[in-house]
1. Which value does Rg/Rh take for the chain over its C-alpha atoms, Rh per Kirkwood?
2. Counting Lys +1, Arg +1, Asp -1, Glu -1, what net charge surrounds residue 225 among other residues with beta carbon under 15 Å of its beta carbon?
3. What lysines does residue 143 reach when the alpha-carbon gap must be under 23 Å and sequence neighbours fewer than 8 apart in one chain are set aside?
4. For residue 40 and residue 167, calculate 0.36 nm times their separation in residues minus their Cα-Cα distance, and state this gained length in nm to one decimal.
5. What percentage of the solvent-accessible surface of region 170-305, computed with a 1.4 Å probe over protein heavy atoms, is contributed by carbon and sulfur atoms?
6. Taking only protein heavy atoms into account and a 1.4 Å probe, give the accessible area per residue of region 170-305 in Å².
7. Hey, can you list the DSSP H helices of the chain whose Cα span along the axis is 27 Å or longer and whose average Kyte-Doolittle score is at least 1.0?
8. Heavy-atom accessible area per residue, region 30-162, 1.4 Å probe: how many Å²?
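The values are calculated or read from the model by the stated rules, or taken from the named source; none is laboratory data. Since we're looking at a predicted model, the values are computed, not measured. FYI the Cβ positions are ideal-geometry reconstructions off the backbone, even for glycines, and counts take in every protein chain you see. Quick note on the areas: whole protein, heavy atoms, side chains included, nothing else; ligands and nucleic acids left out. Shrake-Rupley method; radii C 1.70, N 1.55, O 1.52, S 1.80 Å.
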Amino acid sequence: MVASKGFYCLFLQLLLLSFVFDVANSQGLKVGFYRKTCPNAEAIVKKVVDQAMSVAPSLSGPLLRMHFHDCFVRGCEGSVLLNSSTQQAEKDAFPNLSLRGYQVIDRVKSALEKACPGVVSCSDILALVARDVVVAMKGPSWKVETGRRDGRVSNITEALTNLIPPTANITQLKSGFQQRGLSVKDLVVLSGGHTLGTSHCSSFSSRLYNFTGKGDTDPDLDPKYIAKLKNKCKQGDANSLVEMDPGSFKTFDESYYTLVGKRRGLFVSDAALLDDSETKAYVKLQATTHGSTFFEDFGVSMIKMGRIGVLTGSSGEIRKECALVN
Ligand code: HEM
């Protein structure tokens with residue numbers, strides 16, 4: 001009885017301490033990292049993003065994707081933003097050639113440098129912008145942990161080997177996520193990011209014209225949808241853009257799961273979510289319950305993704321310009 005009372009007191013004291021001191025998580029990130037050093041940081045990011053979204057909402061997709069591509073190569077440390085110098089950078093790797101919106105990141109950075117020079121990292125900017133574009137497209141909000149610092153290395157080969165291709169099967173997808181500490185649930189939840197944005201025909205045209213090298217189509221893609229897609233992507237057309245979630249590609253909603261459930265997911269990697277019992281059950285659940293838990297789940301998984309391989313404390317640096325090391 002006495003021992004359990006002692007334990008209870010200790011627990012209460014620890015709980016109190018965690019409120020008083022704003023304890024950082026194991027990676028050294030915390031919500032409100034800039035509260036004292038740059039109190040308006042998050043408001044400044046949101047203002048620039050909202051302005052950009054009001055004139056160019058189609059940048060919401062690439063800006064969300066940019067945070068994902070940053071985190072999956074070397075961790076969330078801003079390496080995707082660096083320009084090539086003596087060595088070719090991630091930016092120049094094929095999967096990153098379709099990223100857009102770097103000018104929005106630069107605009108956010110210069111507004112932050114004006115308000116609090118040398119304080120807010122480019123990797124944190126990517127995480128905050130990803131949240132703010134989702135909110136601007138009527139999606140969920142979540143509390144972004146901050147305190148990341150920026151890396152000094154960016155290498156094209158690392159992007160080519162670490163970014164998962166759209167042809168990945170479920171085994172490859174699960175292992176790619178697992179290697180970065182993300183679960184099967186995170187995989188199916190974060191794939192829901194494909195509710196926003198567009199894809200080049202080249203990312204899925206083999207499913208329409210030459211799936212196994214014999215001029216055939218992908219049997220996992222709805223034949224009626226194949227006919228529609230063939231109208232938009234003629235054979236050999238790599239560059240036309242197709243809405244990934246037709247009709248609502250500028251709205252963050254759960255309709256991605258309805259599409260995947262109807263065998264209308266654009267990539268092999270989207271269709272693959274029907275090849276595992278856990279991911280399939282999630283797709284069906286969100287499709288039949290109008291996304292009952294998707295919004296909440298997405299925030300949770302984005303926070304987890306934002307923790308991959310971060311640099312904190314005295315590692316890395318706070319870049320002055322996001323495309324250049326200091
Ligand atoms: C699971 C593995 C994933 C694969 C294989 C994959 C692959 C792709 C590909 C090939 C494109 C089209 C690029 C183009 O042709 O322009 C794309 C677009 C996109 N992806 Fe993913 N993706 C994955 C996961 C994610 C995640 C985790 C997110 C974010 C949470 C995300 C967000 C997006 C967005 C928003 C777009 C649209 C970009 C735009 O509008 O330009 N993807 N993805």
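1. On the way: Rg = 21.0 Å, Rh = 20.9 Å.
Dividing the radius of gyration by the Kirkwood radius yields 1.01.
2. On the way: positive: 207, 224, 228, 230, 232, 262, 263, 264; negative: 218, 220, 222, 243, 245, 270.
Result for the neighbourhood of residue 225: +2.
3. Reachable lysines: 30, 36, 46, 47, 109, 185, 250, 304.
4. Values: separation 127, 0.36 × 127 = 45.72 nm, distance 4.20 nm.
Between residue 40 and residue 167, full extension yields an extra 41.5 nm.
5. On the way: 3260 of 6320 Å².
Accessible surface attributable to carbon and sulfur in region 170-305 totals 52 percent.
6. Details: 6320 Å² over 136 residues.
On a per-residue basis, 46 Å².
7. Details: long enough: 2-21 (28 Å, 1.80).
TM-like helix candidates: 2-21.
8. Numbers: 5450 Å² over 133 residues.
On a per-residue basis, 41 Å².
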